[in-house]
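Structure first, then comments.
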Amino acid sequence: MADSKPEVPVKTGAVDTHCHLFLIDRDPADVVEAARASGVDRIICVGVDPETSSRALELAESLEGVFATAGMHPHDAADFDVREGARIEELLSDPLVLAVGECGLDFFRMRSPRDDQVRCLRAHIALSNECGKPMVVHVRDAWSEVLRVLDEGSAERVVIHCFSGDAEIARECAARGYWISFAGNITYPKNEHLRQAASAVGLDRIVVETDSPFLSPQRVRGSDNEPANVIATIDAVARARGTSSDDVVSATTENARTLFAGLR
């Protein structure tokens, strides 16, 4: 009788659901290895335009445990046209590209006009609905508008990246079936509203991220962030909820698998 094939071990470490490896001023392979040593075995590298989305895919192809997304950040929404949309759509056909985005609305910096941001977001909703992959949504000073546009477009699978709202907004997002992603800024002393938001919704709606190289957690604030530091976010969520970090790792990892169907 032929020997049965050995079982492939299931990865059970933490997942950094949102980082920008291509912006970190260190060899991506070293960054990934440092993350793995810290207990983070999967990383989603998020594109912010077609060029960086292509770079994210290249990194996913070359580094074990790395995956990609494809989309256009609201800062660059004025540049989004049919050609850019087609480039993003092509990238989304790759199984290593797990999600549409980073997309959304940013009415704080206003680097693109509102109408262009809304137009771009609507196009990303259509791409998400068509390909069946979730949306990674950036929101800043635009909560009512982004929720309206997502509702109008019948967005089916949404993760709110780097959640910045309060407990009421968190509950509204969870009621819509969205996932809420907390980043390193949940560790900042002034951000009690984020800790309250993390305790206001079910753990089944929460994922974690770093947004590297941005938003380093409090203990290393002032230095570039890296995926390894998602453990600090996990610890902060655990403290806010009065549970163990192991429980948060287990739940957020399972949530990430559910949200990003191609994650393995």
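The values are calculated or read from the model by the stated rules, or taken from the named source; none is laboratory data. This structure is a prediction, so every number in the text was calculated from the model and none was measured. Because the Cβ atoms are built from the backbone with ideal geometry, glycine has one as well, and the counts that use them run over all protein chains shown. Please note that ligands, DNA and RNA were not included when accessible areas were found on the heavy atoms of the full protein model with its side chains. Shrake-Rupley method; radii C 1.70, N 1.55, O 1.52, S 1.80 Å.
Applying a threshold of 7 Å to beta carbon distances and a minimum spacing of six or more residues, or different chains, the list of pairs starting in the stretch 34-48 at a residue that is at positive phi and ending at one that is buried (at least 24 other Cβ atoms within 10 Å of the Cβ) reads 39/14. For beta carbons closer than 8 Å, sequence separation of 6+ or different chains, a first residue in the stretch 16-30 that is under 27 Å from residue 255 (Cα atoms) and open to solvent by 50 Å² or more (accessible area, probe 1.4 Å) and a second that is part of a loop (DSSP other than H, G, I, E, B) and at pLDDT 95 or above, the qualifying pairs are 23/212; 23/213. Within the stretch 29-70, restricting attention to residues that are assigned to a loop (DSSP other than H, G, I, E, B) and in contact with a helix residue (DSSP H, G or I) (Cβ under 6 Å, 6 or more places away or on another chain), the residue that is nearest to residue 229 (Cα to Cα) is 38. In the list 140, 157, 109, which residue meets the criterion of being of a type outside the set (Asp, Glu), touching a Pro at 6+ places or on another chain (Cβ under 6 Å) and open to solvent by 20 Å² or more (accessible area, probe 1.4 Å)? From the options 140, 157, 109, the qualifying one is 157. Quick check on the stretch 75-86. Is at least one of its residues touching a residue at least 60 places away in the same chain (Cβ under 8 Å) and open to solvent by 20 Å² or more (accessible area, probe 1.4 Å)? For the stretch 75-86, residues touching a residue at least 60 places away in the same chain (Cβ under 8 Å) and open to solvent by 20 Å² or more (accessible area, probe 1.4 Å): absent. Residue 128 satisfies every condition listed in (1) at pLDDT 95 or above; (2) part of a loop (DSSP other than H, G, I, E, B) except (2). Scanning the stretch 54-74 for residues that are among the polar types (S, T, N, Q) and open to solvent by 20 Å² or more (accessible area, probe 1.4 Å) yields 54, 62.
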